[in-house]
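Taken together, the values in this text are just the output of simple stated rules run on the coordinates, not laboratory data. A quick note: this is a predicted structure, and the numbers were derived from the prediction, not measured. Every residue, glycine among them, receives a Cβ derived from its backbone with ideal geometry; neighbour counts consider all protein chains shown.
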Amino acid sequence: MLLAIDTSAGTSVAVVDRDLGTLVEIGEADTRRHAEVIGEAIRSAIDRSGVAASALSGVAIGMGPGPFTGLRVGIAAAQAFAFGTTKPLVRVVSHDAVAWGHYAAGNGGRLLVVTDARRREVYFSAYSGVDGEGLPVRVQGPGLCRPDDLADTVDGYHGFERLDAAEVSAASVGLLAEGLYLHRREFAGPEALYLRAPDATVSAGPKRVS
C-alpha cells in the first residue's frame, strides 16, 4: 500500500493498493498552486483512505518531466513524508504513469504522451505498447521540444496515437510503482526530470561594485 504523489502538471495525491486498486485520489488542476495545496492534499488522502501512515509500505513519487518549481514541490513533500514515517521512497517517470493508465484502461498500440513544458515547449515520451507484465515500454524520451518540431523529433511520429495529458494521476504513479516492484523492474533514478535549467540560478560570486 503506497502514498503516491505527482506534481509534474497539477497536484495529485493518492493512496493505492496493489490488490484493491485506488483507495482515494485527490487532484488540483491549477499548475501554480502546488505549494499551497500539497500538504492538505496529503493529509486529506490519508484521512479519507482510512489507512494509518504507519500501515503504508512506502511512498511513490513522479519524477517528471515537469517544470522546475512545481515538480520540486512534490518531490520535496514525498521525501519529507517518507523520512518522517521511515518509509521507503520509490520513483517513477511521470509519463510512464500516464502510459500505464492508458494501457490499463484497455487501450493498446503505440502511444505518444505529451505534456505542457511552458515557454511554448512540450515534453514527450513515446511507447511501443506493454510488455508481458502489462508495463509500458518506452522507446523514446522523455524529451523536450517545440510543438511544431514533434513530427521531426519523434521517430515514426505519425504511427503513434497522441495523448496530450493535462494532469498526471498519482494513482497511476502508485499502481505503476506497485507493478515495477512486483516484477522486479528498475525504478526511476534520483534526478528529477526537469530537462531544462531553472529560471533562477545562484550567482557565481559577488558583483563588482565600481
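Taken together, the residues in the stretch 102-118 that are under 18 Å from Ala166 (Cβ atoms) and touching a residue at least 60 places away in the same chain (Cβ under 8 Å) amount to 4.
Among residues of the stretch 152-169 that are part of a helix (DSSP H, G or I), those with a Cβ under 9 angstrom from a residue that is among the aliphatic types (A, V, I, L, M), sequence gap 6+ or separate chain, pair up as Tyr157/Leu112; Tyr157/Ala126; Tyr157/Leu150; Tyr157/Ala151; His158/Ala151.
The single residue among Ala76, Ala60 that is within 23 Å of Asp30 (Cα to Cα) and either buried (at least 18 other Cβ atoms within 10 Å of the Cβ) or touching a helix residue (DSSP H, G or I) at 6+ places or on another chain (Cβ under 6 Å) (or both) turns out to be Ala60. Filter the stretch 1-50 down to residues that are surrounded by fewer than 19 Cβ atoms within 10 Å (Cβ to Cβ), out of contact with any helix residue (DSSP H, G or I) (no Cβ under 9 Å at 6 or more places or on another chain) and hydrophobic (A, V, I, L, M, F, W, C) and give me whichever is farthest from Ser94 (Cα to Cα). By that ranking, first place goes to Leu20. Please indicate, with yes or no, whether at least one residue in the stretch 99-120 is in contact with a Ser or Thr (Cβ under 9 Å, 6 or more places away or on another chain), assigned to a loop (DSSP other than H, G, I, E, B) and on the phi < 0 side of the Ramachandran plot. Yes, there is a match, as at least one residue in the stretch 99-120 is in contact with a Ser or Thr (Cβ under 9 Å, 6 or more places away or on another chain), assigned to a loop (DSSP other than H, G, I, E, B) and on the phi < 0 side of the Ramachandran plot.
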